[in-house]
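The values are calculated or read from the model by the stated rules, or taken from the named source; none is laboratory data. These numbers were taken from a predicted model, which means no experiment stands behind them. Backbone-built Cβ (ideal geometry, glycine too); neighbour counts: all protein chains shown. Surface accessibility is based on the protein's heavy atoms, side chains included, excluding ligands, DNA and RNA. Shrake-Rupley method; radii C 1.70, N 1.55, O 1.52, S 1.80 Å.
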Amino acid sequence: MVPSANHQMKTAKFTKLERRVGHIASRQARRQLMQVAWDRFHKAYEKYVRWQAFVLWARAVVELEGNAPSWLEAILRKRCPGIAEESKKPELLRLKLLPWVHKQVFGFARQEGWLDALAFYGFRDTRSQGYWAYWEHCDSEWKKRRPAAIPTFVQWRRSALSRKLQGDVSYAVLAKAVEKFIDFEALVYWLRPLYKGTKVQLPPHVVLELRQKSPRLLEFVHGETSDASWRRLFNWGKEEVLSHAKREGWLDNVFGQAGIHPRHVRLVDYARLWCMSRSENTASPHPPFGEWRRDAESYIRTSRK
């Protein structure tokens, strides 16, 4: 069991130049993200987050020992061919391991032009933030008191995600809440075109799907009758889906992490274009949610803007 650190995600203060550079990086990452289907990006994204944890764990061990113990060398030799000889000195491992991962593990993303997006969003993932926070903890605490036993990678990663971000919420719990909120977003964006008229008219198949997926949402929709009510629906849903987070005071953490999640970024972009298309073709039937979600996830934006 990991003791609470009450580590909170902090909002750094940046200079005007740093904000501009960050904006350029964000825009580039977003453009790259839109040029690859979600299922392909997501598989690499999940793998990238795990590799970040591995890199930080290996660094923590080498910095503790002053070099790579033989058992770690064996792991590096197996997982990272060619990097083991760089592990003799902490500074070499710190400089070489992540670039090796980018080149050898995610070289395909570099060749296809979306490695920057993978790194940009992967670094900002909730779990990655937990790994970095725990690495900082280890870097500080292990210097003061050597651990009785060096944790394995699996143990280290589990401990990182179990650490408390705020109050009783861990990084693992926050990550799950973010995914849950984005699932809700998808459902509400799917409903968006139905709010373009003066009165919300739900097709029978939409009523059926909402009854199965979110009866409370269906109940709220039936009580709303105007275009302006879509925003009220969204706001109501935020508190309904994340009531636990609101009670415990970490709702802003969910919104903050959801806002920089690549799935959210893609969802908002697709929904905007889809709603515009629907407004030009009101006669076409409203698609089932499963079909809409598949289209959203396979969507690739060809425009460079």
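Right, Leu95: at pLDDT below 95, closer than 28 Å to His244 by Cβ and not aromatic (Phe, Trp, Tyr) or not?
no
Any idea how many residues of segment 37-47 are open to solvent by 10 Å² or more (accessible area, probe 1.4 Å) and either among the β-branched types (Val, Ile, Thr) or under 20 Å from Trp132 (Cβ atoms) (or both)?
Of the residues in that region, 2 qualify.
In this structure, does Glu239 turn out to be more than 20 Å from His286 (Cβ to Cβ), assigned to a helix (DSSP H, G or I) and modelled with pLDDT under 90?
Against the criterion (more than 20 Å from His286 (Cβ to Cβ), assigned to a helix (DSSP H, G or I) and modelled with pLDDT under 90), Glu239 qualifies.
If only one of Ser284, Ser226, Ser298 is small (Gly, Ala, Ser), at pLDDT below 85 and closer than 29 Å to Met34 by Cβ, which one is it?
Ser284
Can you pull out the helices (runs of 4 or more DSSP H) entirely within segment 242-305 that have at least 1 residues that are open to solvent by 50 Å² or more (accessible area, probe 1.4 Å) and either among the aliphatic types (A, V, I, L, M) or touching a Cys at 6+ places or on another chain (Cβ under 7 Å) (or both)?
262-280
What's the number of the only condition in (1) of a type in the set (Gly, Ala, Ser); (2) modelled with pLDDT under 90; (3) under 24 Å from Leu165 (Cβ atoms) that Ser279 fails to meet?
Failed condition: (3).
Do we find that Phe181 is within 30 Å of His286 (Cβ to Cβ), open to solvent by 30 Å² or more (accessible area, probe 1.4 Å) and touching a Leu at 6+ places or on another chain (Cβ under 9 Å) in this structure?
Answer is no for this residue.
Please state which one of Leu165, Leu161 is open to solvent by less than 10 Å² (accessible area, probe 1.4 Å) and farther than 30 Å from Val221 by Cβ.
Being open to solvent by less than 10 Å² (accessible area, probe 1.4 Å) and farther than 30 Å from Val221 by Cβ holds for just one of Leu165, Leu161, which is Leu165.
State whether the residues of segment 209-219 include one that is over 30 Å from Ser170 (Cβ atoms), modelled with pLDDT under 85 and open to solvent by 20 Å² or more (accessible area, probe 1.4 Å).
Looking through segment 209-219, at least one residue is over 30 Å from Ser170 (Cβ atoms), modelled with pLDDT under 85 and open to solvent by 20 Å² or more (accessible area, probe 1.4 Å).
State all residues of segment 242-276 that are under 19 Å from Leu202 (Cα atoms) and of a type in the set (Gly, Ala, Ser); if no residue qualifies, say none.
Listed by number, the list holds a single entry, Ala271.
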